[in-house]
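> Quick one: structure below, then a few questions.
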Amino acid sequence: MQTQDIIQLEQQYVLQVYQRADFILDHGQGARVWDTDGREYIDCVAGIAVNALGYGDPDLLGALTEQAGRLWHTSNLYHTAPQARLARLLCETSFADRVHYANCGASANESAFKFARRFAREHGHSDKTTIVAFSNGFHGRLFGSLAATDRPKYREPFEPLMPGVRFARFNDLDSVAAAIGPDVCAVIVEPVQGEGGVHLAEPQFLAGLRRLCDQHQALLIFDEVQCGLGRTGQLWAYQGYGVTPDLLTTAKPLAGGLPMGAVLLTQRVADALHPFDHASTFAGGPLVAAVAEVLVSKVSQPAFLAQVAEKGQVLRHKLAELRSPHIKAVRGQGLLIGVELDVLAAQVVSAGQRHGLLTVGAGPTVLRLAPPLIITHAEIDAAVERLAVALTEV
């Protein structure tokens, strides 16, 4: 089939809720992908911060094919070894004592909301049901996760959403103090906001959230769906802040591109949950868990994380050196970078595609770069050169 045949087929049969590029991606290797017409792109999207090890990683492929030949799916009625091993690895590399598996970031966040309300009820506070979220935050598009997402254009067509969510201002502790009352069971925050513009939480802000949650007997949830698992140069973003949450949600890169999410939680929270309180048919299946075990093992190596941090510094420095009149600011951590523009990000995304560079927006005027963590220095140089041409074209 030709490119236009595939696009027409998609437009005829697939629900049109996406605005896709006008080419068909066909295959990839490392941090590069090729379309069906043979054009090559440096991928600074990575499936939206998903493909941490890029394309064609032999260890992920080996784990996938080996497990595919053994057992794909069992449901959670039965034990499987990959699920148990992965849970141990996630706990050993984090603060967590327990893991609950989900199918994506939104379902992981909704699981965390349920766990927080169950925790409050278990401790005799059935009236503690409110969740505090933040301006520019993004936690997913299901009814509960969307209710905690500060994006009116996403919310309004589907209201009423899940009740019991209150918003405070990101990096503003006074705003949080005013929002937290005796009815609050949890606070959810992204240590580094991804969709909302790549804004970093200030260390004193997260430390203050921890104090306020402790004072009000509320749980602190870190949404690390996008910024976790090596993206910031730390395995978990919270580790760079020295502030430990009660629950942490993860998803995007967890199974190397296969759909998987998880909630990491302390034993104190886990003790409030009981059999049949929550469940999923597919979550933590042996196929995705086997791949995720390899992903986490590779990404958690100190030398690997040090390279991510170093390459992130190089990329931010080179972006700042462009001195384009369209660039107002460059910010980020590790290989999650936002470029504040004085033009619409969508224009730069389109121009970049024409010059062999894939990027994505993070709000109307922020260009987001989240390449595979294995991107090379030569590819960083080439990506910046292609972005410079795109900016000049805009």
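> Exactly one of these conditions fails for residue 174: (1) in contact (Cβ under 8 Å) with a residue 12 or more places away in the chain; (2) more than 20 Å from residue 109 (Cα to Cα); (3) among the acidic types (Asp, Glu). Give me its number.
Result: residue 174 fails condition (1) only.
> Here is a follow-up. Quick check on my filter: what residues within segment 240-270 are touching a helix residue (DSSP H, G or I) at 6+ places or on another chain (Cβ under 8 Å), under 17 Å from residue 218 (Cβ atoms) and part of a loop (DSSP other than H, G, I, E, B)? It would help to see each step written out before you state the result.
Within segment 240-270, the subset touching a helix residue (DSSP H, G or I) at 6+ places or on another chain (Cβ under 8 Å) is 241-265, 269.
If we keep only those that are under 17 Å from residue 218 (Cβ atoms) as well, we get 243-249, 263, 265, 269.
Of everything in segment 240-270, those that are touching a helix residue (DSSP H, G or I) at 6+ places or on another chain (Cβ under 8 Å), under 17 Å from residue 218 (Cβ atoms) and part of a loop (DSSP other than H, G, I, E, B) turn out to be 243, 244, 245, 246.
This table checks each residue for (1) over 25 Å from residue 202 (Cβ atoms); (2) buried (at least 17 other Cβ atoms within 10 Å of the Cβ); (3) under 23 Å from the mean Cα position of the chain (by Cα).
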| site | (1), (2), (3) |
| --- | --- |
| 310 | no, no, yes |
| 313 | no, no, yes |
| 321 | yes, no, no |
| 332 | no, yes, yes |
| 335 | no, yes, yes |
| 347 | yes, yes, no |
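> Conditions first: (1) of a type outside the set (A, V, I, L, M, F, W, C); (2) out of contact with any helix residue (DSSP H, G or I) (no Cβ under 6 Å at 6 or more places or on another chain); (3) farther than 20 Å from residue 238 by Cα; (4) not in a helix (DSSP H, G or I). Residue 128 passes all but one, so which condition is the exception?
So residue 128 meets the others, but not (2).
> Moving on to the next point. Would you say residue 319 is outside any loop (DSSP other than H, G, I, E, B) and touching a His at 6+ places or on another chain (Cβ under 7 Å)? First the steps, then the outcome.
Working: outside any loop (DSSP other than H, G, I, E, B): yes; touching a His at 6+ places or on another chain (Cβ under 7 Å): no.
No; evaluated as a whole, the condition is false for this residue.
> In segment 251-287, what residues are closer than 24 Å to residue 231 by Cβ and surrounded by fewer than 20 Cβ atoms within 10 Å (Cβ to Cβ)?
Those that are closer than 24 Å to residue 231 by Cβ and surrounded by fewer than 20 Cβ atoms within 10 Å (Cβ to Cβ): 258, 259, 266.
> Which condition number does residue 55 fail, the rest of (1) at pLDDT below 95; (2) touching a strand residue (DSSP E or B) at 6+ places or on another chain (Cβ under 8 Å) being met?
Only one criterion in (1) at pLDDT below 95; (2) touching a strand residue (DSSP E or B) at 6+ places or on another chain (Cβ under 8 Å) is unmet by residue 55, namely (1).
> Does any residue in segment 15-44 that is in contact (Cβ under 8 Å) with a residue 24 or more places away in the chain and in the same structural domain as residue 375 (by TED's automatic domain parsing) come within less than 6 Å, Cβ to Cβ, of a residue that is aromatic (Phe, Trp, Tyr) and part of a strand (DSSP E or B) six or more places away or on a different chain, and which pairs are these?
From residues that are in contact (Cβ under 8 Å) with a residue 24 or more places away in the chain and in the same structural domain as residue 375 (by TED's automatic domain parsing), the pairs are 27/34; 28/55; 29/55; 33/41; 40/34.
> What is the number of the single condition among (1) part of a strand (DSSP E or B); (2) modelled with pLDDT under 95 that residue 332 does not meet?
Among (1) part of a strand (DSSP E or B); (2) modelled with pLDDT under 95, the lone unmet condition for residue 332 is (2).
> Then there's this: Mind listing just one residue for me: the one in segment 84-117 that is basic (Lys, Arg) and assigned to a helix (DSSP H, G or I) and, of those, farthest from residue 262 (Cα to Cα)? Outline the logic, then answer.
As a first pass, look at segment 84-117 and keep what is basic (Lys, Arg): 85, 88, 98, 114, 117.
From what is left, the residues that are assigned to a helix (DSSP H, G or I) are 85, 88, 114, 117.
Numbers: 85: 14, 88: 13, 114: 14, 117: 18 Å.
The residue in question is 117.
> While we're looking at this one, here's another question. For segment 131-167, enumerate the residues that are part of a strand (DSSP E or B) and under 30 Å from residue 274 (Cβ atoms). Write out each step before concluding.
Narrowing segment 131-167 to residues part of a strand (DSSP E or B): 131-134, 165-167.
131, 132, 133, 165, 166, listed by residue number.
> Moving on to the next point. Output the helices (runs of 4 or more DSSP H) that fall wholly within segment 1-83 and possess 2 or more residues being buried (at least 19 other Cβ atoms within 10 Å of the Cβ) and at positive phi, or say none. First the steps, then the outcome.
Numbers: elements: 3-13, 46-49, 58-68.
Because the criterion is at least 2 residues that are buried (at least 19 other Cβ atoms within 10 Å of the Cβ) and at positive phi, the helices (runs of 4 or more DSSP H) in segment 1-83 that meet it are 46-49.
The values are calculated or read from the model by the stated rules, or taken from the named source; none is laboratory data. Worth saying up front: this structure is predicted, and the values here are computed from it rather than measured. Using ideal geometry, Cβ is built from the backbone for each residue, glycine included, and neighbour counts are taken over all protein chains shown.
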